[in-house]
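Here's the structure we're looking at; comments come further down.
The values are calculated or read from the model by the stated rules, or taken from the named source; none is laboratory data. Keep in mind that what you see is a predicted model, and the values were worked out from it rather than measured. Positions of Cβ are generated from backbone atoms using ideal geometry, with glycine treated the same way; all protein chains shown enter the neighbour counts.
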Amino acid sequence: MKKKPRVVIDKRFTIVHHKLQIVLHGFQTEDIHEFRTEIKKLKAFLKLFRTKKRHSGTLKITKKLNRIYKHLGYLRVIQLQEQNIRTIVKDMEIETPATCHIIRAMERALLIKTGNLIRNNKSIKKDKACIVRNIPGKFSKRSIVQFAHRVSDILKRMVSRVEIDDESMHYIRKRMKDLQYNWPYIKQIMHNGSIAWLLKKNKIRVITDLIGDFHDSCVMLDLLYQQLTLFALGMDERMILMNVWNKWHTHKEILRQKIYSAITKPA
């Protein structure tokens, strides 16, 4: 038997608050990832009820909490970038580039800003109270079916393209994550349709993991490109970073082909 929506919301916000406190104690990359995952689960759950116009504006987290979510996302990218650059140069047995020190300075500044934002944020209780006040008291089969069909139709259009650009890849992942996080509520209605072969629980997990790695590569390549074009770099430093860029770009294209294979309908 499914728990009532308000019970689910109460549990979700309890976990979000707990994960945020863990982040605040150390800003570890994995802790940040876990907090952001809980926010994504909360957002996905709320979409089950936003089929009616009157719920479109009230069943969302506040801008302040979303700002923390985005700041921590950018911080995680910076942390991953530094870690990956250090790993590559270690494997190449060359000196750590000075860019890592610039990245570390960016990370420290963002840590202070995000830490203050979290400490001064009192919106979690307000978010919870607002959502509990506006969310229906029980699940609606009609709204769940509408949600599942709407997301399925979007994915059908996206995966049928001959070529899928980087931004569309990320969009596909977000919509698949909506399905994955809401699977207990929609699994009974996901067995029909022209892309039923794609919308299987294990298939969705494999594809979202691949596109998650792909998106991380895209973001880190964009950030590295900015550093290559905006920073005053010596020739040796530039050569090192170009080598890193080439390795990441190759990895990104390998992931792209794996994603294409995963979303292609079997013969």
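For LYS187, indicate whether it is closer than 29 Å to LYS4 by Cα, part of a helix (DSSP H, G or I), in contact with a Lys or Arg (Cβ under 9 Å, 6 or more places away or on another chain) and in contact (Cβ under 8 Å) with a residue 12 or more places away in the chain. First the steps, then the outcome.
On the way: closer than 29 Å to LYS4 by Cα: yes; part of a helix (DSSP H, G or I): yes; in contact with a Lys or Arg (Cβ under 9 Å, 6 or more places away or on another chain): yes; in contact (Cβ under 8 Å) with a residue 12 or more places away in the chain: yes.
Judged against the criteria, LYS187 is a match.
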Some residue of segment 176-183 being among the hydroxyl-bearing types (Ser, Thr, Tyr) and under 19 Å from the mean Cα position of the chain (by Cα): yes
Given (1) within 27 Å of ALA148 (Cβ to Cβ); (2) of a type outside the set (A, V, I, L, M, F, W, C); (3) in a helix (DSSP H, G or I), index of the condition LYS60 fails: (3)
Output for segment 229-243, where each listed residue is out of contact with any Ser or Thr (no Cβ under 9 Å at 6 or more places or on another chain) and part of a helix (DSSP H, G or I): THR229, LEU230, MET235, ASP236, ARG238, MET239, MET242, ASN243
Leading residue by the ranking (surrounded by the most Cβ atoms within 10 Å (Cβ to Cβ)) among those in segment 77-90 that are under 11 Å from MET220 (Cβ atoms) and not acidic (Asp, Glu): GLN81
Filter pass, SER152 being touching a Gly at 6+ places or on another chain (Cβ under 6 Å), of a type in the set (Ser, Thr, Tyr), part of a helix (DSSP H, G or I) and not assigned by TED's automatic domain parsing to the domain that holds ARG12: yes
Among the residues listed as HIS170, HIS215, the single one being of a type outside the set (S, T, N, Q), assigned to a helix (DSSP H, G or I), in contact (Cβ under 8 Å) with a residue 40 or more places away in the chain and touching a Cys at 6+ places or on another chain (Cβ under 8 Å): HIS170
